[in-house]
Amino acid sequence: MGIKEIQEEIVDEFSMFEDWMQRYEYMIELGKSLPLIDEKYKTDDNIIKGCQSKVWVHAELDGDKLVFTADSDAIITKGIIAILIRTFSNQKPQDIIDADTDFIDEIGLKEHLSPTRANGLVSMVKQLKMYAIAYQTQLN
Amino acid sequence: MGFVWVLIFKMEKTTFNPTVIRKDFPILNREVNGKPLVYFDNAATSQTPRQVIDVIVDYYSNYNANIHRGVHTLSQEATDKYEQARIKIQKHFNAAKSHEIIFTSGTTHSINLVANGFTSILKAGDELIVSAMEHHSNIVPWQMLCERTGATLKVIPMNEEGELILEEYLELLSDKTKLVFCNHVSNALGTVNPVKTIIDAAHKVGAAVLIDGAQAAPHIKADVQELNVDFYTVSAHKMCGPTGVGMLYGKEEWLNILPPYQGGGEMIAEVTFEKTTYADLPHKFEAGTPNICGGIAFGAALDYMNAIGFDEIAAYENELLEYATERLLAIEGLRIYGTSENKTSVISFNIEGVHPYDMGSILDKLGIAVRTGHHCAQPIMDFYKIPGTVRASFSFYNTKEEIDILVEGVEKAKAMLL
């Protein structure tokens with residue numbers, strides 16, 4: 001499934017929720033349930049320092065697709081990471097470079113991906129794209 | 001009109017009534033995420049009463065002009081009001097002279113001004129002493145000063161309660177000590193530090209002392225002469241004034257020794273390409289067009305708070321602190337950081353197993369504004385080995401009902417997150 005389709009699927013899922021509490025509860029559930037990153041990749045090199053929560057990202061190439069794993073010490077941040085990973089992981093680098101994250105707004109979690117929010121997520125998305133650019137160059 | 005206000009304030013002085021006071025703050029009527037705003041981020045910035053907003057509107061509506069230079073009426077009116085504000089600040093902090101009050105953009109600017117001034121005074125081998133519970137703004141400028149001069153930085157440690165260990169401080173003092181700097185009240189913990197003792201001990205070895213009063217000024221009326229402090233810094237926006245303005249109090253003898261911080265207009269006596277001579281105090285440190293409106297509004301904020309009365313404010317805030325402490329501690333797994341007997345109305349806390357960012361995000365959804373994170377005091381977080389805390393800071397316009405909403409919100413967030 002392409003990035004756009006996955007994003008539409010997520011928007012669909014979230015449309016079932018009636019209020020912010022249900023959305024947050026789902027996010028927290030996602031955050032709790034997903035084993036996101038191998039402990040050995042939780043290194044200082046892979047850390048993205050937000051002002052408040054730490055975010056780790058690891059990327060590796062599988063064929064012509066890029067696989068991301070990531071984690072955070074804050075559970076809501078981790079829930080959003082789970083959504084972002086579902087969207088961007090196992091995709092071609094060029095598709096990741098071209099993709100946007102506007103769907104986060106549609107599912108009512110815009111504030112967490114606001115550039116002024118000090119949680120490391122904005123830097124994380126930037127980092128995912130940087131990896132995609134780097135690996136795209138490698139594939140060329 | 002002014003007389004009527006004074007009368008109303010005088011009446012309120014005897015009967016402190018938060019319901020009446022809240023009417024002065026338009027922002028407290030707004031909703032956040034569909035819920036009435038509960039504003040508990042007062043230690044970051046306080047809200048602004050109508051009386052101060054009116055002064056800002058009046059300035060831009062009626063006498064906006066550049067000061068000190070113009071001969072026209074508007075310039076004269078603005079200059080008079082600005083200099084009147086300086087005198088209000090002088091009186092409030094009981095400075096001996098009005099030119100010992102330097103307008104700055106806030107505490108950070110004030111500290112940088114002093115740290116920069118000491119560059120030519122310090123030499124390699126000199127020592128500076130800082131407390132373990134400083135805001136980054138009272139650490140980094142001094143580290144930069146150390147890099148420039150070769151001086152070294154020593155740290156007064158703190159105990160688990162979040163209090164400075166004075167015995168260790170006395171050990172650190174020596175004839176090498178040139179400067180001691182410490183906050184009056186810790187922004188992250190609320191601890192009120194024994195600044196008089198710290199100042200007296202530093203003076204015995206001939207060191208100068210800078211006290212960062214940013215967090216104290218909204219709660220405690222400091223008397224700089226009684227403290228015998230060399231420098232005292234304040235930000236207006238933490239005490240009902242606007243952002244971008246504050247003050248540096250400096251003893252005249254020190255301000256005469258320190259060189260100017262920035263060059264420009266306003267701070268000169270005479271300029272030729274061969275040599276420039278500097279203006280007298282306070283203008284020597286006030287290069288460029290200042291935040292004129294901000295300075296005047298700072299004065300209005302002091303008027304507003306003094307009309308209510310700092311004793312009344314402190315007594316009521318202490319009541320809020322005790323009530324909130326008791327209610328929050330009843331929540332299982334909640335720990336308060338900063339448990340000194342002597343603290344202002346600030347509660348820094350965590351729930352075991354809950355990241356402060358998650359707690360803050362959910363409280364925001366409930367219309368409750370708290371601060372989360374390291375509060376620009378990473379050494380304190382390192383001391384407790386935590387990534388940060390949730391900080392609720394109360395002001396005199398907050399209520400016990402709002403604290404109930406906070407407690408309910410924390411319970412709700414805890415149930416969701418654990």
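Annotations
- Qualifying residues in segment B:17-53 (those that are without any contact (Cβ under 8 Å) to a residue 12 or more places away in the chain and not β-branched (Val, Ile, Thr)) - the one nearest to the other protein chains (Cβ to nearest Cβ): B:Arg30
- Of all residues in segment B:375-418 being acidic (Asp, Glu), more than 18 Å from B:Phe25 (Cβ to Cβ) and touching a residue at least 60 places away in the same chain (Cβ under 8 Å), the one that is farthest from the other protein chains (Cβ to nearest Cβ): B:Asp404
- For segment B:280-331, the set of residues classified as crowded, with 19+ Cβ neighbours inside 10 Å, within 30 Å of B:Leu258 (Cβ to Cβ) and small (Gly, Ala, Ser) consists of B:Gly294, B:Gly295, B:Ala297, B:Gly299, B:Ala300, B:Ala301, listed by residue number.
- The condition of being within 13 Å of chain B (Cβ to nearest Cβ) and on the phi < 0 side of the Ramachandran plot holds for A:Asp73.
- For B:Thr372, the stated conditions do not hold, so it cannot be described as more than 10 Å from chain A (Cβ to nearest Cβ), of a type in the set (Ser, Thr, Tyr) and either touching a strand residue (DSSP E or B) at 6+ places or on another chain (Cβ under 7 Å) or surrounded by fewer than 21 Cβ atoms within 10 Å (Cβ to Cβ) (or both).
- Single residue of segment B:277-298 satisfying the filter (part of a helix (DSSP H, G or I), more than 30 Å from B:Leu189 (Cβ to Cβ) and of a type outside the set (A, V, I, L, M, F, W, C)) that is modelled with the highest pLDDT: B:Gly295
- Residue within segment B:341-349 that is polar (S, T, N, Q), farther than 30 Å from B:Lys88 by Cβ and in contact with a Lys or Arg (Cβ under 8 Å, 6 or more places away or on another chain) present: yes
- You will find that of A:Gln22, A:Gln52, the residue that is over 16 Å from the mean Cα position of the chain (by Cα), more than 20 Å from A:Tyr135 (Cβ to Cβ) and crowded, with 19+ Cβ neighbours inside 10 Å is A:Gln52 and no other.
- Considering segment A:34-69, and only residues there that are more than 12 Å from chain B (Cβ to nearest Cβ) and closer than 28 Å to B:Val370 by Cα, the residue that is modelled with the highest pLDDT turns out to be A:Trp56.
- Checking B:Leu366, B:Leu334 one by one, the residue that is within 14 Å of another protein chain (Cβ to nearest Cβ), surrounded by fewer than 22 Cβ atoms within 10 Å (Cβ to Cβ) and in contact (Cβ under 8 Å) with a residue 24 or more places away in the chain is B:Leu366 and no other.
- Close pairs (9 angstrom Cβ cut-off, 6 or more residues apart or separate chains): touching a residue at least 60 places away in the same chain (Cβ under 8 Å) and closer than 14 Å to B:Val55 by Cα in segment B:67-86, among the basic types (Lys, Arg) and in a helix (DSSP H, G or I) anywhere: none
- Top-ranked residue in segment A:108-122 [being surrounded by fewer than 17 Cβ atoms within 10 Å (Cβ to Cβ) and in a helix (DSSP H, G or I); ranked as nearest to the other protein chains (Cβ to nearest Cβ)]: A:Glu111
- Screening B:Arg335 on (1) in contact with a Pro (Cβ under 6 Å, 6 or more places away or on another chain); (2) part of a strand (DSSP E or B) shows it passes everything except condition (1).
- Test for B:Asp311: is it in a helix (DSSP H, G or I) and more than 14 Å from chain A (Cβ to nearest Cβ): yes
- Filter result for A:Ala134 (over 12 Å from the mean Cα position of the chain (by Cα), within 14 Å of chain B (Cβ to nearest Cβ) and either at pLDDT below 90 or surrounded by fewer than 21 Cβ atoms within 10 Å (Cβ to Cβ) (or both)): no
- Under the condition of being touching a residue at least 60 places away in the same chain (Cβ under 8 Å) and either surrounded by fewer than 13 Cβ atoms within 10 Å (Cβ to Cβ) or hydrophobic (A, V, I, L, M, F, W, C) (or both), the residues counted in segment B:128-154 number 4.
- Complete set of residues in segment B:69-118 that are of a type in the set (Phe, Trp, Tyr) and either more than 21 Å from the chain's Cα centre (by Cα) or part of a helix (DSSP H, G or I) (or both): B:Tyr82, B:Phe118
- Set A:Asp100, A:Asp105: member being in a helix (DSSP H, G or I), under 16 Å from A:Val122 (Cβ atoms) and over 11 Å from the mean Cα position of the chain (by Cα): A:Asp105
- A single member of B:Gly117, B:Gly125, B:Gly106 is in contact (Cβ under 8 Å) with a residue 12 or more places away in the chain, on the phi > 0 side of the Ramachandran plot and surrounded by 15 or more Cβ atoms within 10 Å (Cβ to Cβ), and it is B:Gly106.
The values are calculated or read from the model by the stated rules, or taken from the named source; none is laboratory data. Source: prediction; values computed, not measured. As a convention, Cβ positions derive from the backbone with ideal geometry for all residues, glycine included, and neighbour counts pool all protein chains shown.
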